[in-house]
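The values are calculated or read from the model by the stated rules, or taken from the named source; none is laboratory data. Quick caveat, the model's predicted, so the values are computed rather than measured. Ideal geometry is used to build each Cβ from the backbone, glycine not excepted, and the neighbour counts take in all protein chains shown. Each accessible area value is taken on the protein alone, full model and side chains, heavy atoms only, with ligands, DNA and RNA left out. Shrake-Rupley method; radii C 1.70, N 1.55, O 1.52, S 1.80 Å.
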Amino acid sequence: MSTETSFVTRAASLRAYASTADLAISPPAIHEVSDRARRIAASRNLLNEPRPIRFIIVALAISFLTIFVVLPLVVVFASAFSKGISAYLAALTEPEALSAIRLTLLVAAISVTLNLVFGVVAAWAIAKFEFRGKTFLITLIDLPFSVSPVISGLVFVLLFGAQGYWGTWLQAHDIHILFAVPGIVLATIFVTFPFVARSLIPLMQEQGTQEEEAAISLGASGLQTFFRVTLPNIKWGLLYGVLLCNARAMGEFGAVSVVSGHIRGETNTMPLLVEILYNEYQFVASFAIASLLAMLALITLIVKTVLERRLDEGQTPRDISRDDPSDH
Amino acid sequence: MTIEVKNIVKKFGAFAALDNVDLKVGKGELLALLGPSGSGKTTLLRIIAGLDWPDAGEVRIDGEDALGHGASERHVGFVFQHYALFRHMTVFENVAFGLRVQPRAIRKDEATIRARVKELLDLVQLDWLANRYPSQLSGGQRQRIALARALAIEPRILLLDEPFGALDAKVRKELRQWLRSLHNEIHVTSIFVTHDQEEALEVANRVVVMDKGRIEQIGSPGDVYDNPATAFVHGFIGESIVLPVEVTGGSVRLGGQPLNIAADGAASGASKLFVRRHDMQIGPAGTGSLEGAVRHVRSFGPIQRAEIALSGGEGRTVIEIDAPRDRELQAGEIIGLQPRRYRIFAAQD
């Protein structure tokens, strides 16, 4: 949208220039520009609906969002505070609640860190190298998005469960993966894998490999190239991916529910505890935990907006080379 | 420093980007690799820099086997067509990069690095831009910063990939002269790739003309222009008139009509006659071995450029010649033409 506006203003200023300069024959460049500007202007006119219709459309959108997004959020906070602030705080400081918060933070910390590394490596491989099976790899990365989280959890049950492929061996060696923290971490990693890779691949593909080649020809080692050239160039995209990955890691329910075993005070994450408490009619406690997750969502949204703005700036650097006639 | 390339072969699938290329570059030379796109010139440059690897062959820089080293160890300055400046660094940091990534043992202290960068920015006359970011510079400025950055590591050789390709015509002309005077000043062995013959002839000491992964001719700018070795070089460098002729014994025929020129040892068979536009002598009708009607004349500066429809034979051939303005041509006039200098090549390519 922003490029379009600047284009229109540029076209307008060009036309203004043409008229003041009183050019008898308008050069082809100006002709093309004004043509395109006219088309854009025409499409604008098409959107110039009568006021009542515009009002109805906007009102529809807002009421839809209110009913489906704002109201539920309000209900969450209202129910959480329905018995007063002390009941709210008490619910959050229950040992079970504290354990769930701790576990959620731990799982998120591990899985986000690992996915950060995996994601950068995968995006690097896909964006900067040509190899056989690249499309297959991209499809694989997207797999967690297209599979129901419950299935993702079930895969780990099939692998590590008592009746699973490696179940007996694990039992014999007293290694607990299922119904324990490792299982929850594995399921979370699986579900959140695409976020970092997906947010980096287009960015890295757009940036190409020239800056890396320049760095290497200047004598930089592989690590120096990565930390001094590649990483600074992708940092906003990386943060964006990490943020989304984190939000999903903390909020994941389906896959974690299958592998967790719901052991109270041990393998319950926040989303699982919300459900358990709700089923036990402990509404205040349930909504108190839910309110934390809702706040996480709100913070995520705000940071995401900021990051998106940074990313836009990074991708369209202010290019004055064409506007600067005094080159030398 | 010298560069030696021996029997380099590089294939991309079935396509041979480089087909047995041999090249020697002497100390302090400024060499142009000239050819159309797809001729393999950029691939050759990247192989010398270590950014690409050949399937077979040898690369020696200063007598030392370069293929045993990666690009970061070759100490080669590389300037990219699209500058490849580090977008998140200031101009100063861009130029300083090569000095900052040196191994700790030989890394200079901060004051020395600053002094060196300042010196380089002075050399490219852009010291006042030190604190800007690449996106705030014009194309010509970016390319000069890219050059300063490549020179910062005191490269053994300097490689430039279409250095002026992304710039507009006026800036390109200025940078050309600037590059040549810079080379006179610092004398580092340099190779630059270009598809622009004028650029190659104007800047380089020696020109290597490439086509389809092979070297067609190596020579001084005057040499490749005046004595093209192959039909390709004749057609690619300078404006040529090309006429399909038939060589039989020692005589040359155009559309069945014998031309009053010697075959110069060209083999019998279908051939092509190459004449530079300005090497066509004009005279009154009936003189010369060709005859044609002037269709259109444009005069500018010291020459007139005339479009001439050749008569005889199939009669549909139209050529463009450049003639001095001592005898003004008129549209519709019938004139005689005689090639002053010409070359005949076999027709297959």
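A few notes on this one:
- A residue that is at the interface with another protein chain (Cβ under 9 Å from one of its Cβ atoms), closer than 30 Å to B:Arg214 by Cβ and buried (at least 22 other Cβ atoms within 10 Å of the Cβ) can be found somewhere in the stretch B:51-69.
- Leading residue by the ranking (farthest from the other protein chains (Cβ to nearest Cβ)) among those in the stretch B:121-133 that are in contact (Cβ under 8 Å) with a residue 24 or more places away in the chain and open to solvent by 10 Å² or more (accessible area, probe 1.4 Å): B:Ala130
- Matching residues in the stretch B:22-31 - criterion: being within 21 Å of B:Gly57 (Cα to Cα) and either outside any loop (DSSP other than H, G, I, E, B) or modelled with pLDDT of 95 or more (or both): B:Asp22, B:Leu23, B:Lys24, B:Val25, B:Leu31
- Residue in the stretch B:247-257 that is part of a strand (DSSP E or B) and closer than 30 Å to B:Ile218 by Cα present: yes
- B:Arg100 meets the conditions (1) over 25 Å from the mean Cα position of the chain (by Cα); (2) more than 14 Å from chain A (Cβ to nearest Cβ) in every case but one. The failed one is (2).
- Test: A:Ala80 is closer than 20 Å to A:Ile184 by Cα and open to solvent by less than 20 Å² (accessible area, probe 1.4 Å): no
- Residues of the stretch A:261-278 satisfying the condition of being over 17 Å from A:Ala80 (Cβ atoms) and modelled with pLDDT of 90 or more: A:Asn268, A:Thr269, A:Leu272
- Selection of strands (runs of 3 or more DSSP E) fully inside the stretch B:284-349 by the criterion of at least 1 residues being over 22 Å from B:Gly238 (Cβ atoms) and out of contact with any His (no Cβ under 9 Å at 6 or more places or on another chain) returns B:290-300, B:303-310, B:334-339.
Yes/no matrix, rows are residues, columns are (1) within 18 Å of the chain's Cα centre (by Cα); (2) at the interface with chain A (Cβ under 8 Å from one of its Cβ atoms):
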| site | (1), (2) |
| --- | --- |
| B:Thr43 | yes, no |
| B:Arg46 | yes, no |
| B:Phe78 | yes, yes |
| B:Ala84 | no, yes |
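- Which numbered condition B:Ser190 misses (of (1) outside any loop (DSSP other than H, G, I, E, B); (2) surrounded by fewer than 23 Cβ atoms within 10 Å (Cβ to Cβ); (3) away from chain A (no Cβ under 11 Å)): (2)
- In the set (1) of a type in the set (A, V, I, L, M, F, W, C); (2) over 25 Å from B:Leu51 (Cβ atoms); (3) within 12 Å of chain A (Cβ to nearest Cβ), B:Leu137 fails one condition alone, (2).
- Residue that is farthest from A:Gln205 (Cα to Cα), among those in the stretch A:279-328 that are open to solvent by 90 Å² or more (accessible area, probe 1.4 Å), at pLDDT 85 or above and within 30 Å of the chain's Cα centre (by Cα): A:Ile299
- Number of the exception - B:Val117 against (1) more than 12 Å from every other protein chain (Cβ to nearest Cβ); (2) under 26 Å from A:Gly219 (Cα atoms); (3) in contact with a Gly (Cβ under 6 Å, 6 or more places away or on another chain): (3)
- Test result for A:Leu272, within 24 Å of A:Leu298 (Cβ to Cβ) and assigned to a helix (DSSP H, G or I): yes
- Counted residues, the stretch B:85-98 - those being among the aliphatic types (A, V, I, L, M) and open to solvent by less than 10 Å² (accessible area, probe 1.4 Å): 3
- First in the stretch A:124-153 and surrounded by 13 or more Cβ atoms within 10 Å (Cβ to Cβ), second anywhere and basic (Lys, Arg), Cβ under 8 Å, 6 or more apart: A:Ile126/A:Lys134; A:Ile141/A:Arg198; A:Asp142/A:Arg198
- Per the listing B:Arg214, B:Arg180, the residue uniquely among the basic types (Lys, Arg), more than 14 Å from chain A (Cβ to nearest Cβ), under 16 Å from the mean Cα position of the chain (by Cα) and closer than 17 Å to B:Thr42 by Cα is B:Arg214.
- Counting only helices (runs of 4 or more DSSP H) that sit wholly inside the stretch A:162-247, those with at least 3 residues that are more than 25 Å from A:Leu137 (Cα to Cα) are A:167-172, A:210-217.
- Members of the stretch A:215-268 found to be away from every other protein chain (no Cβ under 14 Å) and β-branched (Val, Ile, Thr), listed by number: A:Val242, A:Val256, A:Val258, A:Val259, A:Ile263, A:Thr267
Here is a yes/no grid of residues against (1) touching a Pro at 6+ places or on another chain (Cβ under 9 Å); (2) outside any helix (DSSP H, G or I); (3) open to solvent by less than 60 Å² (accessible area, probe 1.4 Å); (4) touching a residue at least 60 places away in the same chain (Cβ under 8 Å):
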{"position": "B:Arg142", "(1), (2), (3), (4)": "yes, no, yes, no"}
{"position": "B:Pro163", "(1), (2), (3), (4)": "no, yes, yes, yes"}
{"position": "B:Lys170", "(1), (2), (3), (4)": "no, no, no, no"}
{"position": "B:Arg180", "(1), (2), (3), (4)": "no, no, no, yes"}
{"position": "B:Gln217", "(1), (2), (3), (4)": "yes, yes, yes, no"}
